[in-house]
Amino acid sequence: MDKAMSQTYPPTSAPTSCSKPESPQEDIRLIGRALDIVGDAWTLLIVREALAGTTRFGQFQRHLGLGPNILAARLRALIEHGVLTTQASCQRADWSDYVLTEKGARLQTVLAALREWGGDHCVAAGDHGAPMREAQ
């Protein structure tokens, strides 16, 4: 491991319950399980939209440009994994809103870290990438 890597990993300023896995295999298992839930191409972007206040299917679809079949499958999976829940909409009785659970809201730090890393390492100078709606 190079010197720069050893100075930054694992983070020492904010210890968490997963900072010291029991073994490398445990670390791999935990990361793998998390990626099984949120590691596909659209899931974290859906969570990001929910963090920004998006609650309706049509809003998610407009903001992300995602096809209805893919969006429905991702929302269903997020509900099954306890990241999102549905609740009755205050706009219409026959509508449901998608709302983050506490488990889902805790992904905010993951998204912030990915955004920072992406800004540092994945964007060429002057390239701002695809436009994304700013979190409110």
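The values are calculated or read from the model by the stated rules, or taken from the named source; none is laboratory data. From a predicted model like this one, the values you see are computed outputs, not experimental measurements. A quick note on method: Cβ atoms are made from the backbone with ideal geometry, for glycine too, and the neighbour counts reach across all protein chains shown.
Could you list, in sequence order, the residues of region 89-106 that are of a type outside the set (K, R) and at pLDDT 95 or above?
Of everything in region 89-106, those that are of a type outside the set (K, R) and at pLDDT 95 or above turn out to be D97, Y98, V99, L100, T101, E102, G104, A105.
Quick one: count up the residues across region 82-106 that are exposed (fewer than 11 other Cβ atoms within 10 Å of the Cβ) and assigned to a loop (DSSP other than H, G, I, E, B).
Matching residues across region 82-106 total 5.
Looking only at region 107-136, filter to residues that are surrounded by fewer than 13 Cβ atoms within 10 Å (Cβ to Cβ) and charged (D, E, K, R); which one of those is modelled with the highest pLDDT?
E116
Any idea which residue in region 42-60 is surrounded by the fewest Cβ atoms within 10 Å (Cβ to Cβ), counting only those that are of a type in the set (A, V, I, L, M, F, W, C) and part of a loop (DSSP other than H, G, I, E, B)? Talk me through it step by step, then tell me what you get.
Within region 42-60, the subset of a type in the set (A, V, I, L, M, F, W, C) is 42, 44-47, 50-52, 57, 60.
Filter once more, keeping what is part of a loop (DSSP other than H, G, I, E, B): 42, 52.
On the way: W42: 16, A52: 14.
Selected residue: A52.
Residues of region 61-77 being without any contact (Cβ under 8 Å) to a residue 40 or more places away in the chain and either buried (at least 16 other Cβ atoms within 10 Å of the Cβ) or not aliphatic (A, V, I, L, M) (or both), which ones?
Across region 61-77, the qualifying residues are Q61, R62, L64, G65, L66, G67, P68, N69, L71, R74, L75, R76.
Suppose the filter is within 13 Å of the chain's Cα centre (by Cα) and in a helix (DSSP H, G or I); does L71 pass it? Break it down stepwise before answering.
Details: within 13 Å of the chain's Cα centre (by Cα): no; in a helix (DSSP H, G or I): yes.
When the stated conditions are applied, L71 does not pass them.
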